[in-house]
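The values are calculated or read from the model by the stated rules, or taken from the named source; none is laboratory data. Just so it is clear, the model here is predicted, and its values are computed rather than measured. Here Cβ is always computed from backbone atoms with ideal geometry, including for glycine, and neighbour counts include all displayed protein chains.
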Amino acid sequence: MKYKFCKLYQLKLFGKDTEPVMQIAPIRRLSLAAAVMLATAGCGAYYEYQANDMVERQMKTMVFVEGGEFMMGNPGGWSVRRDTLPVHRVVLDDFHIQKYEVTQGDFELFQAVTGYEHSDKFYNNYRDDNPDRYDSELPAVASWTDAMAFCQWLGEMSDHPVTLPTEAQWEYAARARGQNLRYATKNGKAEAGITMAPKPTSSRYDEVPREEPLPNPPGTFPPNPIGLYDMSGNVAEWVRDYYREDYYENSPVQNPKGPETGLELTFEGITDTHRVQRGGDYRDFIGNTTVTRRKGVPRLSSEQTGFRCAY
């Protein structure tokens, strides 16, 4: 896969055709300097240039979060799920977390630079079925494995220990340093079209062809009180931890990092251990709370799930 998008673009830009048609973000809008580099130095130099720019952008979106103590779980009775209980005391050190969810365009640039292939073998089928969901400006469609690979690469490129946030870090940040906020919005409320996207009107029961709901480009609605966008109401987000329903009963107080292993599932002869997804998603309005927990198979992707990085 490495450089294939760039090579296709070169054929359109410098071959017989004059109108570039590729819709991948890294090559969709070329500056004059980038176009000259593409023409003279080739795809490798071009993508290195783009990757360095992207790494700088990604790291500039890291928001410093001062550590502290909070009651993690479900202090306001905001979820009916048993795995959000019991409420328990957590103390966190300082950390950084990205202001925005990683976009599809930036993830595809990471793939082009590194040659990384999606861990979900059905990914291309999903993309063919619903191409609008894979627009470069929308949150990246990624498995846990994909998300971790991107964050670790970002860490290698930036010389910072970047990874996915822990579940405790994610909730503490979503609740603006542990405040009693039901939703990660500017005022802690779910207000359709004001603080979060409204619930989609279409459903899977509609007649075919039906309009598929989509998330919004990161940053569409105002951030929470510490400047973080879309932690409620856009896509669910992968975090680092393994998933166990009863983990909150045994969580340590200081910087919890999740259980040593999680709930196992065998699919197509392969046994996977579930990882945690936090927040709701764009198909679920009321359920997009700061305490909502879900689980997912790490090598499988979902169009309702994205990620952001932390360190």
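Brief remarks on what is shown
- Total residues in region 210-246 satisfying the condition of being touching a strand residue (DSSP E or B) at 6+ places or on another chain (Cβ under 8 Å) and free of Cβ contacts under 8 Å to residues at least 40 places away in the same chain: the figure is 2.
- Qualifying residue in region 267-283 (condition: under 23 Å from Asp93 (Cα atoms), surrounded by fewer than 22 Cβ atoms within 10 Å (Cβ to Cβ) and of a type in the set (Asp, Glu)): no
- Exclusive hit being among the aliphatic types (A, V, I, L, M) and under 18 Å from Asp230 (Cβ atoms), set Leu138, Leu154, Leu109: Leu138
- Enumeration of residues in region 238-273 that are of a type in the set (Val, Ile, Thr) and touching a Leu at 6+ places or on another chain (Cβ under 8 Å): Val239, Thr271, Thr273
- Scan of region 255-311 for residues that are of a type in the set (D, E, K, R), touching a residue at least 40 places away in the same chain (Cβ under 8 Å) and either within 25 Å of Asp135 (Cβ to Cβ) or not in a loop (DSSP other than H, G, I, E, B) (or both), ordered by number: Arg275, Arg278, Asp281, Arg283, Asp284, Arg293, Arg294, Lys295, Arg299, Glu303, Arg308
- For Thr195, the stated conditions do not hold, so it cannot be described as of a type in the set (Val, Ile, Thr) and under 17 Å from the mean Cα position of the chain (by Cα).
- Within region 232-254, being more than 13 Å from Met72 (Cα to Cα) and part of a loop (DSSP other than H, G, I, E, B) holds for Ser232, Gly233, Asn234, Val235, Tyr243, Arg244, Glu245, Asp246.
- Looking only at residues of region 125-169 that are over 14 Å from the mean Cα position of the chain (by Cα), among the polar types (S, T, N, Q) and closer than 20 Å to Glu211 by Cα, we find that the one that is surrounded by the most Cβ atoms within 10 Å (Cβ to Cβ) is Asn130.
- Against the numbered list (1) under 21 Å from Arg81 (Cβ atoms); (2) surrounded by 19 or more Cβ atoms within 10 Å (Cβ to Cβ); (3) at pLDDT 95 or above; (4) charged (D, E, K, R), Glu249 comes up short only at (2).
- Region 104-128 residues that are over 12 Å from Ser301 (Cβ atoms), paired with ones that are of a type in the set (Val, Ile, Thr) and modelled with pLDDT of 95 or more (beta carbon under 9 Å, 6 or more apart): Phe110/Val102
- In summary, helices (runs of 4 or more DSSP H) completely within region 111-195 and bearing 2 or more residues that are closer than 30 Å to Phe70 by Cα, in contact with a strand residue (DSSP E or B) (Cβ under 8 Å, 6 or more places away or on another chain) and at pLDDT 95 or above occur at 144-158, 167-174.
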